[in-house]
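Enquirer: Please see the structure below; I have some questions.
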Amino acid sequence: MRRTTPRAAFRQAMGILATTGLLAAGVLTTAGPARAADPVFTLGGPAETALHPYPETGSPQRARLDITLTNPSGDEENGVFLGEYTVRLDFGKLAGVADVSFGEDGADCARTGTVAVCRGHGLRPGTSTVAGLEVGAAKGSAEGDSGTIEVTAEAEGATFRPFTARVTVGGADLSMRRLPLRTELKPGDSQPVAVTFTNHGTRAARGVLLTLRHTRGLAFTQRYQNCEYSEDEGGLGSPGAWTTVRCAFPGSYEPGATYTLDEPPVLRAGRHALYDTLQYRIDEDGTGARAAQRAGARSVPGTGATLALRRAPAVRAADLEPDDNQQEADFRTANTADLAAYGDRAAGGAGDTVDVTLGLRNRGPAWIGHLRSGEPVATVDFTVPPGSYVVSRPDGCRGVTAAGGYRENQERAPRYFCSTPVSLLENADLALPFRLRIVTANPGATGAVVVRNIQLQAPELPFDPKPANNTAYVELNAEDSGEAGGSGSGSGSGGTAATGGSGSTGAAGSTGSASSSGTGGTSGTPGASGASGTTGSGGALAATGTPALTASGAALAALLAGGVLVAAAGRRARR
(Lines give C-alpha, C1' and ligand atoms only; values in the text may rest on other atoms or scores of the structure.)
Protein backbone atom coordinates (compact mmCIF):
# COMPACT_ATOMS: atom_id res chain seq x y z
CA MET A 1 0.00 0.00 0.00
CA ARG A 2 1.37 3.41 -0.93
CA ARG A 3 1.94 5.74 2.00
CA THR A 4 1.20 9.46 1.93
CA THR A 5 3.18 11.77 4.18
CA PRO A 6 1.30 14.50 6.13
CA ARG A 7 3.05 17.18 4.03
CA ALA A 8 2.04 15.47 0.76
CA ALA A 9 -1.54 15.06 1.96
CA PHE A 10 -1.66 18.74 2.86
CA ARG A 11 -0.43 19.75 -0.62
CA GLN A 12 -3.06 17.48 -2.25
CA ALA A 13 -5.81 19.01 -0.12
CA MET A 14 -4.72 22.51 -1.04
CA GLY A 15 -4.84 21.58 -4.74
CA ILE A 16 -8.38 20.23 -4.48
CA LEU A 17 -9.62 23.27 -2.57
CA ALA A 18 -7.99 25.66 -5.00
CA THR A 19 -9.62 23.87 -7.94
CA THR A 20 -13.08 24.23 -6.48
CA GLY A 21 -12.53 27.86 -5.54
CA LEU A 22 -12.86 27.29 -1.81
CA LEU A 23 -9.61 29.00 -1.00
CA ALA A 24 -10.63 32.14 -2.90
CA ALA A 25 -13.98 32.14 -1.10
CA GLY A 26 -12.28 31.97 2.25
CA VAL A 27 -14.03 28.74 3.27
CA LEU A 28 -10.80 27.18 4.60
CA THR A 29 -10.30 28.06 8.26
CA THR A 30 -7.29 27.46 10.48
CA ALA A 31 -7.86 25.04 13.33
CA GLY A 32 -6.53 25.80 16.80
CA PRO A 33 -3.43 24.08 18.18
CA ALA A 34 -3.85 20.32 18.47
CA ARG A 35 -3.74 18.87 21.96
CA ALA A 36 -0.62 16.86 22.62
CA ALA A 37 -1.21 13.15 23.08
CA ASP A 38 -1.54 12.00 26.68
CA PRO A 39 1.63 10.47 28.11
CA VAL A 40 1.61 6.69 28.46
CA PHE A 41 3.02 5.17 31.67
CA THR A 42 3.66 1.48 32.37
CA LEU A 43 2.91 -0.48 35.53
CA GLY A 44 5.30 -3.33 36.24
CA GLY A 45 7.12 -5.59 38.65
CA PRO A 46 8.24 -9.24 38.69
CA ALA A 47 6.07 -11.22 36.29
CA GLU A 48 6.23 -14.29 38.53
CA THR A 49 7.02 -14.72 42.22
CA ALA A 50 7.56 -18.12 43.85
CA LEU A 51 6.74 -18.62 47.53
CA HIS A 52 8.06 -21.09 50.06
CA PRO A 53 5.24 -23.48 51.03
CA TYR A 54 3.43 -22.84 54.28
CA PRO A 55 5.55 -24.46 57.03
CA GLU A 56 4.36 -27.11 59.46
CA THR A 57 5.55 -24.93 62.34
CA GLY A 58 6.34 -21.24 62.58
CA SER A 59 5.46 -18.39 60.27
CA PRO A 60 5.69 -18.57 56.47
CA GLN A 61 8.71 -17.04 54.77
CA ARG A 62 7.64 -13.96 52.88
CA ALA A 63 8.87 -12.67 49.53
CA ARG A 64 9.25 -9.06 48.46
CA LEU A 65 7.17 -7.97 45.46
CA ASP A 66 7.55 -4.37 44.26
CA ILE A 67 4.92 -2.77 42.03
CA THR A 68 6.59 -0.15 39.84
CA LEU A 69 5.52 2.69 37.56
CA THR A 70 7.65 3.82 34.60
CA ASN A 71 7.64 7.23 32.96
CA PRO A 72 9.49 6.59 29.65
CA SER A 73 10.30 10.25 28.96
CA GLY A 74 14.00 10.91 28.47
CA ASP A 75 13.62 14.62 29.25
CA GLU A 76 14.52 15.13 32.92
CA GLU A 77 13.49 18.78 32.83
CA ASN A 78 10.24 18.74 30.83
CA GLY A 79 9.20 15.09 31.07
CA VAL A 80 7.80 15.25 34.61
CA PHE A 81 4.10 14.39 34.97
CA LEU A 82 2.71 16.87 37.51
CA GLY A 83 -0.78 15.45 38.01
CA GLU A 84 -2.26 13.15 40.64
CA TYR A 85 -2.71 9.45 39.89
CA THR A 86 -4.38 6.45 41.51
CA VAL A 87 -3.12 2.86 41.40
CA ARG A 88 -5.54 -0.01 42.11
CA LEU A 89 -4.30 -3.44 43.26
CA ASP A 90 -6.77 -6.33 43.20
CA PHE A 91 -5.77 -9.34 45.35
CA GLY A 92 -9.04 -11.25 44.86
CA LYS A 93 -7.46 -14.04 42.76
CA LEU A 94 -4.93 -14.82 45.53
CA ALA A 95 -7.57 -16.09 47.94
CA GLY A 96 -6.36 -19.34 49.51
CA VAL A 97 -3.00 -19.01 47.72
CA ALA A 98 -1.12 -16.15 49.38
CA ASP A 99 -1.45 -13.44 51.98
CA VAL A 100 -0.33 -9.90 51.12
CA SER A 101 0.69 -7.00 53.32
CA PHE A 102 2.32 -3.65 52.61
CA GLY A 103 5.94 -2.98 53.46
CA GLU A 104 7.57 0.36 54.14
CA ASP A 105 6.70 1.65 50.65
CA GLY A 106 2.95 1.30 51.23
CA ALA A 107 2.40 4.46 53.30
CA ASP A 108 0.09 6.05 50.70
CA CYS A 109 -1.95 2.90 50.14
CA ALA A 110 -5.30 2.09 51.75
CA ARG A 111 -6.77 -1.43 51.63
CA THR A 112 -10.41 -2.45 51.78
CA GLY A 113 -11.00 -6.20 51.59
CA THR A 114 -9.15 -7.61 48.59
CA VAL A 115 -8.59 -4.23 46.92
CA ALA A 116 -5.95 -1.61 47.75
CA VAL A 117 -5.73 1.93 46.37
CA CYS A 118 -2.44 3.84 46.28
CA ARG A 119 -2.33 7.54 45.50
CA GLY A 120 0.56 9.58 44.18
CA HIS A 121 1.38 13.03 42.85
CA GLY A 122 3.99 13.77 40.22
CA LEU A 123 6.00 11.22 38.27
CA ARG A 124 9.57 11.86 37.20
CA PRO A 125 11.17 10.13 34.17
CA GLY A 126 12.38 6.63 34.95
CA THR A 127 11.02 3.83 37.12
CA SER A 128 9.75 4.34 40.67
CA THR A 129 8.20 2.01 43.23
CA VAL A 130 4.48 2.51 43.83
CA ALA A 131 4.02 -0.13 46.50
CA GLY A 132 6.28 -2.63 48.23
CA LEU A 133 4.38 -5.83 48.97
CA GLU A 134 5.27 -8.63 51.40
CA VAL A 135 3.78 -11.91 50.12
CA GLY A 136 3.68 -15.29 51.89
CA ALA A 137 1.91 -18.60 51.29
CA ALA A 138 -1.57 -18.79 52.80
CA LYS A 139 -2.37 -21.38 55.44
CA GLY A 140 -3.90 -24.42 53.74
CA SER A 141 -2.26 -23.68 50.39
CA ALA A 142 -0.58 -26.52 48.52
CA GLU A 143 2.44 -26.93 46.30
CA GLY A 144 1.65 -25.56 42.84
CA ASP A 145 -1.25 -23.30 43.87
CA SER A 146 -1.19 -20.09 41.86
CA GLY A 147 -2.98 -16.76 41.63
CA THR A 148 -2.53 -13.23 40.30
CA ILE A 149 -2.46 -9.62 41.42
CA GLU A 150 -4.19 -7.32 38.91
CA VAL A 151 -2.77 -3.78 38.83
CA THR A 152 -4.39 -0.82 37.04
CA ALA A 153 -4.05 2.96 37.33
CA GLU A 154 -5.74 6.14 36.17
CA ALA A 155 -5.10 9.88 36.07
CA GLU A 156 -6.49 12.87 34.23
CA GLY A 157 -4.39 13.53 31.14
CA ALA A 158 -2.47 10.24 31.23
CA THR A 159 -2.81 6.61 30.10
CA PHE A 160 -1.52 3.60 32.06
CA ARG A 161 -0.66 0.14 30.78
CA PRO A 162 -1.95 -2.47 33.28
CA PHE A 163 0.16 -5.21 34.86
CA THR A 164 -0.49 -8.73 36.16
CA ALA A 165 1.83 -10.35 38.71
CA ARG A 166 1.58 -14.15 39.11
CA VAL A 167 2.26 -15.70 42.51
CA THR A 168 2.90 -19.45 42.87
CA VAL A 169 3.44 -21.63 45.93
CA GLY A 170 6.64 -23.63 45.58
CA GLY A 171 9.24 -23.45 42.86
CA ALA A 172 12.88 -23.75 42.02
CA ASP A 173 15.40 -21.86 44.17
CA LEU A 174 18.80 -21.72 42.51
CA SER A 175 21.72 -20.87 44.77
CA MET A 176 25.14 -20.00 43.33
CA ARG A 177 28.22 -21.33 45.10
CA ARG A 178 30.98 -18.77 45.79
CA LEU A 179 34.19 -19.60 43.92
CA PRO A 180 37.72 -19.44 45.40
CA LEU A 181 39.08 -17.22 42.62
CA ARG A 182 42.55 -15.64 42.71
CA THR A 183 42.03 -11.89 42.84
CA GLU A 184 45.63 -10.60 42.77
CA LEU A 185 46.70 -10.96 39.14
CA LYS A 186 49.22 -9.96 36.49
CA PRO A 187 48.32 -9.27 32.84
CA GLY A 188 48.07 -12.62 31.09
CA ASP A 189 47.11 -14.62 34.21
CA SER A 190 44.23 -17.05 33.66
CA GLN A 191 42.09 -19.31 35.84
CA PRO A 192 39.05 -21.58 35.42
CA VAL A 193 35.61 -20.38 36.51
CA ALA A 194 34.03 -23.61 37.79
CA VAL A 195 30.48 -22.35 38.26
CA THR A 196 28.48 -24.57 40.65
CA PHE A 197 24.89 -24.14 41.83
CA THR A 198 22.26 -26.02 43.82
CA ASN A 199 18.48 -26.12 43.46
CA HIS A 200 17.17 -25.65 47.02
CA GLY A 201 13.58 -25.28 45.82
CA THR A 202 10.55 -27.56 45.90
CA ARG A 203 10.41 -28.35 42.17
CA ALA A 204 12.75 -28.80 39.24
CA ALA A 205 13.98 -25.85 37.21
CA ARG A 206 12.93 -26.15 33.57
CA GLY A 207 16.16 -25.04 31.93
CA VAL A 208 18.65 -22.62 33.44
CA LEU A 209 20.34 -19.43 32.26
CA LEU A 210 23.94 -18.77 33.35
CA THR A 211 25.00 -15.10 33.22
CA LEU A 212 28.68 -14.17 33.38
CA ARG A 213 29.32 -10.43 33.48
CA HIS A 214 32.83 -8.97 33.58
CA THR A 215 34.53 -5.61 33.18
CA ARG A 216 36.89 -4.37 30.49
CA GLY A 217 40.18 -5.86 31.70
CA LEU A 218 38.89 -9.46 31.84
CA ALA A 219 37.87 -11.84 29.05
CA PHE A 220 37.04 -15.51 28.57
CA THR A 221 39.39 -17.34 26.26
CA GLN A 222 36.58 -19.04 24.30
CA ARG A 223 33.16 -18.05 23.00
CA TYR A 224 30.65 -20.90 23.28
CA GLN A 225 27.92 -21.62 20.76
CA ASN A 226 25.16 -21.90 23.36
CA CYS A 227 26.06 -18.47 24.75
CA GLU A 228 25.37 -14.93 23.54
CA TYR A 229 27.62 -11.93 24.08
CA SER A 230 26.90 -8.21 24.43
CA GLU A 231 28.66 -5.04 25.62
CA ASP A 232 27.41 -1.97 27.47
CA GLU A 233 28.70 0.90 29.59
CA GLY A 234 26.90 -0.31 32.72
CA GLY A 235 26.66 3.12 34.30
CA LEU A 236 30.43 3.66 34.19
CA GLY A 237 30.32 6.22 31.40
CA SER A 238 32.58 4.25 29.03
CA PRO A 239 31.18 2.24 26.08
CA GLY A 240 32.18 -1.41 26.33
CA ALA A 241 33.12 -1.18 30.02
CA TRP A 242 31.09 -4.36 30.68
CA THR A 243 30.69 -7.59 28.71
CA THR A 244 27.74 -9.88 29.43
CA VAL A 245 27.69 -13.59 28.53
CA ARG A 246 24.36 -15.46 28.72
CA CYS A 247 24.48 -19.26 28.34
CA ALA A 248 21.31 -21.36 28.02
CA PHE A 249 21.09 -24.96 29.32
CA PRO A 250 17.86 -26.85 28.53
CA GLY A 251 16.72 -29.79 30.65
CA SER A 252 15.42 -30.44 34.14
CA TYR A 253 17.44 -29.41 37.19
CA GLU A 254 16.06 -31.27 40.17
CA PRO A 255 15.41 -29.96 43.70
CA GLY A 256 18.20 -30.86 46.11
CA ALA A 257 20.69 -31.50 43.27
CA THR A 258 23.93 -29.65 42.59
CA TYR A 259 25.28 -28.92 39.12
CA THR A 260 28.65 -27.72 37.83
CA LEU A 261 30.16 -26.88 34.46
CA ASP A 262 31.64 -29.91 32.73
CA GLU A 263 34.64 -27.93 31.41
CA PRO A 264 34.87 -24.55 33.18
CA PRO A 265 35.54 -21.54 30.95
CA VAL A 266 38.91 -19.86 31.43
CA LEU A 267 39.03 -16.23 32.55
CA ARG A 268 42.12 -14.20 31.59
CA ALA A 269 43.38 -10.80 32.75
CA GLY A 270 44.19 -8.76 29.62
CA ARG A 271 46.79 -6.08 29.07
CA HIS A 272 44.25 -3.39 30.00
CA ALA A 273 43.31 -4.98 33.36
CA LEU A 274 43.67 -3.00 36.59
CA TYR A 275 40.53 -2.89 38.77
CA ASP A 276 37.98 -5.44 37.52
CA THR A 277 34.92 -7.41 38.57
CA LEU A 278 33.30 -10.71 37.60
CA GLN A 279 29.66 -11.48 38.37
CA TYR A 280 28.22 -14.97 37.91
CA ARG A 281 24.49 -15.65 38.19
CA ILE A 282 22.04 -18.51 37.63
CA ASP A 283 18.30 -18.21 36.82
CA GLU A 284 15.55 -20.46 35.60
CA ASP A 285 15.39 -19.91 31.85
CA GLY A 286 11.65 -20.26 31.46
CA THR A 287 10.63 -17.17 33.45
CA GLY A 288 11.63 -14.43 31.02
CA ALA A 289 15.03 -13.99 32.66
CA ARG A 290 16.85 -13.84 29.35
CA ALA A 291 14.58 -11.17 27.84
CA ALA A 292 14.70 -9.12 31.04
CA GLN A 293 18.49 -9.19 31.15
CA ARG A 294 18.85 -8.28 27.47
CA ALA A 295 16.72 -5.14 27.93
CA GLY A 296 16.96 -4.51 24.19
CA ALA A 297 20.76 -4.84 24.00
CA ARG A 298 22.20 -6.36 20.84
CA SER A 299 23.77 -9.79 21.40
CA VAL A 300 26.11 -11.89 19.25
CA PRO A 301 26.14 -15.72 19.49
CA GLY A 302 29.39 -17.57 20.07
CA THR A 303 30.81 -20.00 17.52
CA GLY A 304 33.00 -22.27 19.65
CA ALA A 305 32.30 -25.48 21.55
CA THR A 306 29.17 -26.12 23.61
CA LEU A 307 29.37 -25.26 27.29
CA ALA A 308 27.79 -28.12 29.27
CA LEU A 309 26.53 -28.76 32.82
CA ARG A 310 26.76 -32.01 34.78
CA ARG A 311 25.30 -33.12 38.07
CA ALA A 312 27.74 -32.90 40.96
CA PRO A 313 27.76 -34.19 44.55
CA ALA A 314 25.55 -32.10 46.81
CA VAL A 315 27.31 -29.33 48.72
CA ARG A 316 26.31 -27.65 51.93
CA ALA A 317 24.97 -24.14 51.25
CA ALA A 318 23.24 -21.33 53.06
CA ASP A 319 19.50 -21.22 53.72
CA LEU A 320 17.20 -20.06 50.99
CA GLU A 321 17.64 -16.38 50.15
CA PRO A 322 16.23 -14.39 47.22
CA ASP A 323 19.61 -12.82 46.48
CA ASP A 324 21.85 -15.89 46.55
CA ASN A 325 21.55 -16.54 42.82
CA GLN A 326 24.55 -14.32 42.12
CA GLN A 327 28.14 -14.11 43.31
CA GLU A 328 30.94 -11.82 42.26
CA ALA A 329 34.65 -11.25 42.73
CA ASP A 330 36.87 -8.17 42.49
CA PHE A 331 40.31 -8.40 40.89
CA ARG A 332 43.43 -6.24 41.22
CA THR A 333 45.90 -6.66 38.37
CA ALA A 334 49.51 -5.44 38.66
CA ASN A 335 49.30 -2.82 35.95
CA THR A 336 49.44 0.93 35.34
CA ALA A 337 47.50 3.63 33.51
CA ASP A 338 49.30 6.74 32.27
CA LEU A 339 47.05 9.80 32.41
CA ALA A 340 48.55 12.70 30.45
CA ALA A 341 47.31 16.29 30.53
CA TYR A 342 47.04 18.49 27.47
CA GLY A 343 46.42 22.22 27.05
CA ASP A 344 45.89 24.61 24.17
CA ARG A 345 46.82 28.00 22.66
CA ALA A 346 44.71 30.91 21.53
CA ALA A 347 45.30 34.52 20.52
CA GLY A 348 43.16 37.66 20.63
CA GLY A 349 42.92 41.25 21.75
CA ALA A 350 41.20 42.85 24.69
CA GLY A 351 37.45 42.13 24.53
CA ASP A 352 37.87 39.10 22.25
CA THR A 353 36.35 35.69 23.02
CA VAL A 354 38.45 32.62 22.27
CA ASP A 355 37.89 28.87 22.54
CA VAL A 356 40.40 26.46 24.04
CA THR A 357 40.19 22.70 24.59
CA LEU A 358 42.06 21.12 27.46
CA GLY A 359 41.83 17.72 29.08
CA LEU A 360 43.52 14.38 29.54
CA ARG A 361 44.31 11.21 27.63
CA ASN A 362 44.69 7.73 29.09
CA ARG A 363 47.76 6.24 27.41
CA GLY A 364 47.19 2.90 29.12
CA PRO A 365 47.93 0.19 29.07
CA ALA A 366 45.20 -0.31 31.70
CA TRP A 367 41.64 0.94 31.80
CA ILE A 368 40.44 2.35 35.12
CA GLY A 369 37.03 1.88 36.74
CA HIS A 370 36.16 2.77 40.33
CA LEU A 371 33.48 0.09 40.43
CA ARG A 372 32.74 0.05 44.14
CA SER A 373 33.21 3.64 45.29
CA GLY A 374 31.63 5.21 42.20
CA GLU A 375 34.10 8.08 42.50
CA PRO A 376 35.61 9.87 39.49
CA VAL A 377 38.92 8.45 38.30
CA ALA A 378 40.68 11.83 38.49
CA THR A 379 40.23 15.60 38.53
CA VAL A 380 41.37 18.01 35.82
CA ASP A 381 42.49 21.15 37.70
CA PHE A 382 42.50 24.23 35.42
CA THR A 383 43.86 27.63 36.45
CA VAL A 384 42.55 30.42 34.20
CA PRO A 385 45.30 32.44 32.43
CA PRO A 386 45.69 35.94 33.96
CA GLY A 387 43.95 38.71 32.10
CA SER A 388 41.01 36.49 31.07
CA TYR A 389 37.93 34.85 32.53
CA VAL A 390 35.68 31.91 31.64
CA VAL A 391 32.37 32.61 29.91
CA SER A 392 31.49 28.98 29.06
CA ARG A 393 32.60 25.70 30.63
CA PRO A 394 31.69 21.99 30.50
CA ASP A 395 28.90 20.77 32.78
CA GLY A 396 31.25 18.67 34.93
CA CYS A 397 33.46 21.65 35.88
CA ARG A 398 32.91 23.89 38.92
CA GLY A 399 34.58 27.16 39.80
CA VAL A 400 36.66 27.39 42.99
CA THR A 401 38.87 29.98 44.64
CA ALA A 402 42.49 30.44 43.60
CA ALA A 403 43.50 28.21 46.53
CA GLY A 404 40.97 25.53 45.57
CA GLY A 405 38.34 26.40 48.19
CA TYR A 406 34.55 26.44 47.86
CA ARG A 407 33.11 29.29 45.80
CA GLU A 408 29.40 30.11 45.79
CA ASN A 409 29.56 32.48 42.81
CA GLN A 410 30.58 30.53 39.72
CA GLU A 411 31.07 33.61 37.56
CA ARG A 412 34.64 34.55 36.67
CA ALA A 413 36.23 31.96 38.95
CA PRO A 414 40.04 31.92 38.84
CA ARG A 415 40.22 28.12 38.91
CA TYR A 416 38.05 25.15 37.88
CA PHE A 417 37.88 21.53 39.03
CA CYS A 418 36.56 19.11 36.36
CA SER A 419 35.66 15.55 37.38
CA THR A 420 36.23 12.62 35.06
CA PRO A 421 33.69 9.79 34.70
CA VAL A 422 33.76 6.78 37.03
CA SER A 423 35.80 4.96 34.39
CA LEU A 424 38.31 5.74 31.63
CA LEU A 425 39.05 3.22 28.91
CA GLU A 426 42.66 2.50 27.98
CA ASN A 427 42.42 4.92 25.02
CA ALA A 428 40.09 7.51 26.55
CA ASP A 429 40.38 11.17 25.60
CA LEU A 430 38.49 13.54 27.91
CA ALA A 431 38.24 16.84 26.03
CA LEU A 432 37.00 19.87 28.02
CA PRO A 433 36.04 22.89 25.87
CA PHE A 434 36.28 26.29 27.59
CA ARG A 435 35.44 29.71 26.17
CA LEU A 436 37.51 32.60 27.53
CA ARG A 437 37.02 36.37 27.37
CA ILE A 438 40.28 38.30 27.15
CA VAL A 439 40.27 41.41 29.34
CA THR A 440 43.94 42.31 29.04
CA ALA A 441 45.97 40.93 26.13
CA ASN A 442 49.06 39.90 28.11
CA PRO A 443 51.67 38.24 25.86
CA GLY A 444 52.27 34.63 26.93
CA ALA A 445 49.64 34.54 29.70
CA THR A 446 49.46 30.91 30.86
CA GLY A 447 47.23 28.83 33.09
CA ALA A 448 48.10 25.35 34.31
CA VAL A 449 46.14 22.18 33.47
CA VAL A 450 46.86 19.53 36.12
CA VAL A 451 45.53 15.95 36.16
CA ARG A 452 45.45 14.78 39.77
CA ASN A 453 43.65 12.66 42.33
CA ILE A 454 40.19 13.84 43.39
CA GLN A 455 41.59 14.78 46.80
CA LEU A 456 43.39 18.11 46.54
CA GLN A 457 45.48 17.27 49.61
CA ALA A 458 46.72 14.02 48.01
CA PRO A 459 47.19 14.83 44.32
CA GLU A 460 49.18 11.75 43.28
CA LEU A 461 47.44 9.10 41.18
CA PRO A 462 48.49 5.70 42.59
CA PHE A 463 48.17 3.91 39.24
CA ASP A 464 50.00 6.52 37.12
CA PRO A 465 53.66 5.69 36.40
CA LYS A 466 54.51 9.05 34.74
CA PRO A 467 53.50 12.00 36.94
CA ALA A 468 55.75 14.29 34.87
CA ASN A 469 53.15 14.48 32.06
CA ASN A 470 50.26 15.26 34.41
CA THR A 471 50.71 19.02 33.86
CA ALA A 472 50.12 21.07 30.69
CA TYR A 473 49.27 24.71 29.98
CA VAL A 474 46.73 26.95 28.27
CA GLU A 475 48.58 29.90 26.74
CA LEU A 476 47.07 33.12 25.42
CA ASN A 477 48.92 35.33 22.92
CA ALA A 478 52.10 33.31 22.88
CA GLU A 479 54.96 35.24 21.33
CA ASP A 480 55.21 32.63 18.55
CA SER A 481 51.43 32.14 18.15
CA GLY A 482 51.40 33.94 14.80
CA GLU A 483 53.72 31.38 13.25
CA ALA A 484 53.88 28.34 15.51
CA GLY A 485 50.21 28.38 16.41
CA GLY A 486 49.21 28.76 12.80
CA SER A 487 45.85 30.19 13.77
CA GLY A 488 46.12 33.67 12.24
CA SER A 489 44.65 36.76 13.86
CA GLY A 490 41.14 37.33 15.07
CA SER A 491 38.74 39.87 13.67
CA GLY A 492 35.93 41.81 15.34
CA SER A 493 35.24 40.32 18.77
CA GLY A 494 36.26 36.84 17.86
CA GLY A 495 39.96 36.34 18.46
CA THR A 496 41.30 32.94 17.42
CA ALA A 497 40.67 29.38 18.43
CA ALA A 498 44.01 27.65 18.88
CA THR A 499 44.11 24.05 17.84
CA GLY A 500 46.49 21.14 18.15
CA GLY A 501 48.44 20.02 15.11
CA SER A 502 50.23 16.91 14.04
CA GLY A 503 53.58 18.54 14.60
CA SER A 504 52.85 19.68 18.13
CA THR A 505 54.49 18.48 21.28
CA GLY A 506 52.08 16.22 23.17
CA ALA A 507 51.29 16.05 26.81
CA ALA A 508 54.17 13.71 27.46
CA GLY A 509 56.63 15.70 25.45
CA SER A 510 56.71 13.34 22.47
CA THR A 511 56.32 14.90 19.04
CA GLY A 512 53.02 14.28 17.28
CA SER A 513 50.99 13.03 20.24
CA ALA A 514 48.20 15.55 19.65
CA SER A 515 47.11 15.06 16.07
CA SER A 516 44.94 17.47 14.17
CA SER A 517 42.19 14.88 14.19
CA GLY A 518 42.33 14.36 17.95
CA THR A 519 39.89 15.80 20.41
CA GLY A 520 42.48 18.09 21.92
CA GLY A 521 43.68 19.33 18.54
CA THR A 522 40.74 19.90 16.23
CA SER A 523 41.01 22.44 13.50
CA GLY A 524 38.98 25.65 13.57
CA THR A 525 37.22 25.03 16.88
CA PRO A 526 33.53 25.78 16.29
CA GLY A 527 31.66 28.16 18.49
CA ALA A 528 34.31 30.86 18.89
CA SER A 529 32.59 34.11 17.96
CA GLY A 530 34.27 35.49 14.85
CA ALA A 531 37.09 32.93 15.03
CA SER A 532 39.16 32.66 11.91
CA GLY A 533 41.55 29.92 13.08
CA THR A 534 43.05 27.37 10.74
CA THR A 535 44.73 24.12 11.60
CA GLY A 536 47.60 24.94 13.98
CA SER A 537 50.91 23.23 14.41
CA GLY A 538 51.50 24.53 17.93
CA GLY A 539 48.95 22.19 19.47
CA ALA A 540 48.58 21.12 23.09
CA LEU A 541 51.13 22.63 25.46
CA ALA A 542 52.57 20.14 27.92
CA ALA A 543 54.84 20.78 30.88
CA THR A 544 57.65 18.85 29.24
CA GLY A 545 57.03 20.02 25.65
CA THR A 546 59.07 22.40 23.47
CA PRO A 547 57.55 25.92 23.74
CA ALA A 548 58.24 27.03 20.15
CA LEU A 549 59.24 25.83 16.71
CA THR A 550 62.77 26.34 15.44
CA ALA A 551 63.57 29.50 13.47
CA SER A 552 63.63 27.60 10.20
CA GLY A 553 60.26 26.02 10.99
CA ALA A 554 58.76 29.45 11.73
CA ALA A 555 60.06 30.84 8.44
CA LEU A 556 58.58 27.91 6.55
CA ALA A 557 55.25 28.39 8.34
CA ALA A 558 55.20 32.07 7.34
CA LEU A 559 55.95 31.17 3.72
CA LEU A 560 53.18 28.57 3.65
CA ALA A 561 50.76 30.98 5.30
CA GLY A 562 51.28 33.43 2.45
CA GLY A 563 50.49 30.72 -0.09
CA VAL A 564 47.34 29.74 1.81
CA LEU A 565 46.07 33.34 1.81
CA VAL A 566 46.60 33.65 -1.96
CA ALA A 567 44.83 30.33 -2.60
CA ALA A 568 41.95 31.32 -0.33
CA ALA A 569 41.52 34.64 -2.14
CA GLY A 570 41.39 32.78 -5.46
CA ARG A 571 38.69 30.45 -4.17
CA ARG A 572 36.56 33.36 -2.95
CA ALA A 573 36.90 35.06 -6.35
CA ARG A 574 35.66 31.97 -8.15
CA ARG A 575 32.57 31.51 -5.95
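Enquirer: Can you give the accessible area of Ser373 in Å² (nearest 10), computed on protein heavy atoms with a 1.4 Å probe?
Expert: Rounded to the nearest 10, that gives 70 Å².
Enquirer: Loop-only check: which GluC sites (Glu not before Pro) in region 93-193 are DSSP coil with at most 10 other Cβ within 10 angstrom?
Expert: Glu156
Enquirer: Would you list Cys418, Cys109 from the most to the least accessible area, probe 1.4 Å?
Expert: Sorted descending by solvent-accessible area, the residues read Cys109, Cys418.
Enquirer: Next question, about the same structure. If eta is 0.692 mPa s and T is 37 °C, what Stokes-Einstein diffusion coefficient results for region 127-222, Kirkwood Rh from Cα pairs, in µm²/s?
Expert: It diffuses with D of about 175 µm²/s by this estimate.
Enquirer: Do you know the relative contact order of region 88-157, to the nearest whole percent, from alpha carbon pairs under 8 angstrom that are 6+ apart?
Expert: Value for region 88-157: 50 percent.
Enquirer: If you take every residue apart from Leu185 with its C-beta less than 13 Å away from the C-beta of Leu185, what net charge results, scoring Lys and Arg +1 and Asp and Glu -1?
Expert: After counting each charged neighbour, the total is +1.
Enquirer: Would you mind pulling out the separation of the Cα centroids of region 33-85 and region 226-276, in Å?
Expert: 29
Enquirer: Taking a ≥ b ≥ c as the square roots of the Cα gyration tensor eigenvalues, with a/c under 1.5 meaning rounded and otherwise prolate when a/b beats b/c, else oblate, which class fits region 128-168?
Expert: prolate
Enquirer: Moving on. What does the charge add up to near Pro465, with Lys and Arg as +1, Asp and Glu as -1, over the other residues with Cβ less than 13 Å from its Cβ?
Expert: Taking every Cβ under 13 Å from that of Pro465, the sum is -1.
Enquirer: Here's a follow-up. Among Pro162, Ser141, His121, pick out the residue whose Cα is farthest towards the positive end of the charge dipole of region 101-211, where Lys and Arg carry +1 and Asp and Glu carry -1 on C-beta, about the Cα centre.
Expert: Towards the positive end, the residue furthest out is Ser141.
Enquirer: Report the net charge of residues surrounding Asn409, where surrounding means a beta-carbon distance below 15 angstrom and charges are Lys +1, Arg +1, Asp -1, Glu -1.
Expert: +3
The values are calculated or read from the model by the stated rules, or taken from the named source; none is laboratory data. Treat the numbers as computed from the prediction; the structure is a model and nothing was measured. Note that we place each Cβ from the backbone using ideal geometry, even for glycine, and neighbour counts take in every protein chain shown. The protein model used for the area step is the full one, side chains on, heavy atoms only, and it has no ligands, DNA or RNA in it. Shrake-Rupley method; radii C 1.70, N 1.55, O 1.52, S 1.80 Å.
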